[in-house]
Each structure stands twice: as C-alpha cells, then as structure tokens.
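The values are calculated or read from the model by the stated rules, or taken from the named source; none is laboratory data. As the structure is a prediction and not an experimental result, all values here were calculated from the model. For neighbour counting, all protein chains shown are included, and Cβ atoms are generated from backbone atoms with ideal geometry for every residue, glycine included.
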Amino acid sequence: MERIYLDSNATTVVDPLVKQAMDPFYCQMYGNPNSLHRFGTETHPAMSIALDRMYKAIDADDEDDIIINGCATEGNNTVLKSVFMDTLAKGEPCHIITSQIEHPSVLKTCQYLEKEHGIEVTYLPVNKDGLVTLDSLKAHLVPGKTSLVSIMWANNETGLINPIKELAEYTKQNGVLFHTDAVQAVGKIPVSLKEVPADYLTFSAHKFHGPIGVGGMYIRHGNTITPLLHGGEQMGHKRAGTVNVPFVVGMGLAIELASQHLDYIDSDVRRLRNKLEDAILALPDTIVIGDRKYRTPNTILASFKGIEGEAFLWDLNQNGIAASTGSACSSEELEADATFQAMDMDNNLSHTGVRFSLSRFTTEEEIDVSIEVINKTVQRLRAISSTY
Ligand SMILES: Cc1ncc(COP(=O)(O)O)c(CNc2co[nH]c2=O)c1O
C-alpha cells in the first residue's frame, strides 16, 4: 500500500463527485455571479441549490443568513471582531468568554483584541474529561456585561464534543450572544440550529470533502454582523469579494453528501477508529485523550510515552502514513500541545501527542496496515528513546 491518509481533521480528500460538480464552473459557466448578463446569471441556479443544501445540513431557518467566506478562520475572526466593533460603537465594554482549547483562529483573535483593544476575555478551563462545563460558564457569564460566548462544538485535536446545546441555552437565557466554531462537527456529527440556539456558527468545506478555501458563517435572523471585508455588495454587504462559484457549488454538494453519510461515520468509521484505538491501547504506556463516548467518531489523540510526537510522525511518514501532532496550523511550532496543557496533562505527555483522524474514505485494510506500522514504530523508537 503506497500511502495512508489519517489526517482528515487537518483537511480531507475532495469527494470526486464534488470535483465533478465544480468542473463546469471553470470553463463553461465562468461568469461573475454579480454580473447581470447571462454569463453571470446562469451561475445562480447552482449557487441557490448549494446554499439550500447548506441550510438543510445545519437545520437553519430560511430567515437566517449563511455568508460564504474564505475559511473558518475568516468566519471566527469576523464574529469576534464584529462583536467587539458593536460594543465599541455603543461605548460599552467588551467581555468575551471562550475556552482554553479553542482553535488558534479563536484564541489568537481573542488575544489580539485583549492586547490591542483592551477587551476582557475569559478563557474557560476544561474538566478532567477535556470538556467545557456549564458550571464553568455559569461562574463567569455576567448578564449585561458579557458580550459574547464563543465555544467550539468539537475540538480538532481530541475530537471531544462540548455540551453545546446546554451552553448555548444558558447563554441565551441570560441575553448574551453565542458563537460556536463547528468546523470539526459539521459533516461528522449532527448539527442542528433548531436544536442549538446559537447566534453564529462557522464551518469550513475542506473538513467534509469539499475544497480548501471556502467556508460558511451562519447568522441567526435578527442578529447583525460588522463585515471584516468591505467593498462590493456581495452577501448582502456582509462579506465583500467576488463569490467563488465552483467552491460554493462544491461546498454545497460536499455538505449534502456528508449529511447523507453521518450514519456511516457513526457506525463504520467509528468501528475502524475503535479498532485502531484498541490496538494503540494494547501497547504498553500509551493513553488516548478523552473518553471515546464524548468524541467525534473519527478522531484519536494518543500519547506514546517516551516518544516525541514529531519523531513518531516522521517515522510514520517514512512508512507512507499521514497523521499529525495536533492542528496543522501550529504544526511547525514545537511547543507543548495546548490541549494537553489545558487538560493539565503531564508536561512530558504533552510532547508525545499524535492525532489520527479518519474519514468515510478510510478502509479496513488501511487501518490494518497502520496498526502493523504503529506497532513496529513504537518498538523501534522506544528502543532508542532516552526517556523510556
Ligand atoms: C476547530 C477549527 N476551527 C477553525 C479551523 C480553521 O479552519 P480553516 O480556516 O477553514 O482552515 C480549524 C482547522 N483545523 C486544522 C487545520 O489543520 N489541522 C487542524 O486541526 C479547526 O479545526
């Protein structure tokens, strides 16, 4: 077997059906959707179908907005900076509550607003299971003072799923805006905005077999957003820039196909993940972070005592297996894994994390081969380890 891809939380293979659906919008129907002539207007039916698919996939109401943007990083920045701008315009202080395990696109935006604009940010800790708790939110949310609560639906490194419904409900009961970064949830587990009263939600196509470079920002009706990008009149003045028609078409089909495969992911992908996880746990001095009942069905964050995560990845890569130590966004930084630190893991452990993330395209044979390679790699690296 030439190579095995187990890094789907970083990005996924584009579904061939998605690529096929995108193709006509490069050399046949290539007009600017904002153009009034036929080259532009002929793109509208496919765009409309794509957006309908997105609304259906996240159970959004027709009156709500889904703004197409370049990625979830942009969506997260837009929501956080918009809330800040709104409080600034009203001459009110800004207090954002988020968590210590958010993706850097949330954490670093909050740190920027704190440092450069003096806002107050509360970074909620996680409990021993790695989850944000309602009690923790209750201890810090101040009605009339807190401007926004932003908690990720599922963590990209551990796959741990936060109790978003109860966090959002409590936040709304206290008259505060709620945002969730749902990048690692959409396309993996059911996401319903009729169930969860979030005001804003962000997602990204390349996490569910759509193209890299396009994302969606959901805005519940009645809420405003201050654009991050000003210019043309696209997206109802909420996000300037020519809309990338093939990418929108691709994201629409990808989110529909992902929704159709949720049961498969919950059953077959989960079974393969558990098979790999059980094989990892059969090795001495290895742990997996977070109880699998609280995790997305495709993710394992494992720690192999005595083996640096980067060394493990290098060896796996030499054997054709792609995994990661956490979010690729920070893979070049060799600092201890933030999630391990947030969970008060032993510092030595936090350098030994390796994340395996499967998809609906992962096969049983790939898992069997990966188990063989991992067993050999652990044996080899521990034999030369200075700490094991
Ligand atoms: C929870 C979460 N939020 C936001 C982003 C950023 O999304 P983008 O801007 O559309 O790329 C990612 C990407 N996470 C990862 C990227 O590489 N490894 C990861 O775990 C993510 O996992």
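The figures follow:
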quantity	calculated
All strands (runs of 3 or more DSSP E) inside the stretch 198-302 with 1 or more residues being in contact with a His (Cβ under 7 Å, 6 or more places away or on another chain)	200-204
Which numbered condition LYS81 fails, given (1) within 16 Å of PHE178 (Cβ to Cβ); (2) within 16 Å of the ligand (Cβ to nearest atom); (3) of a type in the set (D, E, K, R)	(1)
Filter result (in contact with an Asp or Glu (Cβ under 9 Å, 6 or more places away or on another chain) and either crowded, with 19+ Cβ neighbours inside 10 Å or not acidic (Asp, Glu) (or both)) within the stretch 280-294	VAL288, ILE289, GLY290, ARG292, TYR294
From the options ALA311, ALA282, residue that is of a type in the set (Gly, Ala, Ser), more than 16 Å from the ligand (Cβ to nearest atom) and modelled with pLDDT of 95 or more	ALA282
Count - residues of the stretch 219-263 that are within 13 Å of HIS209 (Cα to Cα) and of a type in the set (Gly, Ala, Ser)	5
Tally of residues being of a type outside the set (S, T, N, Q), in a loop (DSSP other than H, G, I, E, B) and either away from the ligand (no atom under 16 Å from the Cβ) or at pLDDT 95 or above (or both) across the stretch 135-174	12
Criterion (within 16 Å of the ligand (Cβ to nearest atom), modelled with pLDDT of 95 or more and touching a strand residue (DSSP E or B) at 6+ places or on another chain (Cβ under 7 Å)) met by exactly one of ILE67, ILE97	ILE67
Search result, residues across the stretch 191-217 that are surrounded by fewer than 21 Cβ atoms within 10 Å (Cβ to Cβ) and under 14 Å from ASP61 (Cα atoms)	SER192, LEU193, LYS194, GLU195, PRO197
Residue list for the stretch 209-229, filter: at pLDDT 95 or above and either more than 15 Å from GLN184 (Cβ to Cβ) or away from the ligand (no atom under 11 Å from the Cβ) (or both)	HIS209, PRO211, ILE212, GLY213, VAL214, MET217, TYR218, ILE219, ARG220, HIS221, GLY222, ASN223
GLY290, sole failed condition from (1) modelled with pLDDT of 90 or more; (2) at negative phi; (3) under 19 Å from the mean Cα position of the chain (by Cα)	(2)
Filtered residues of the stretch 109-142 (kept if in contact with an Asp or Glu (Cβ under 6 Å, 6 or more places away or on another chain) and more than 20 Å from ILE164 (Cα to Cα))	none
Hits in the stretch 128-157 - residues which are charged (D, E, K, R) and out of contact with any helix residue (DSSP H, G or I) (no Cβ under 9 Å at 6 or more places or on another chain)	LYS128, ASP135, LYS145
Enumeration of residues in the stretch 22-38 that are assigned to a loop (DSSP other than H, G, I, E, B) and either under 15 Å from GLY250 (Cβ atoms) or not small (Gly, Ala, Ser) (or both)	ASP23, GLN28, MET29, TYR30, ASN32, PRO33, ASN34, LEU36, HIS37
Boolean, ALA60 is at pLDDT 95 or above, more than 16 Å from the ligand (Cβ to nearest atom), of a type outside the set (Asp, Glu) and part of a loop (DSSP other than H, G, I, E, B)	yes
Which listed residue, of LEU88, LEU80, is at pLDDT below 95, part of a helix (DSSP H, G or I) and of a type in the set (A, V, I, L, M, F, W, C)	LEU88
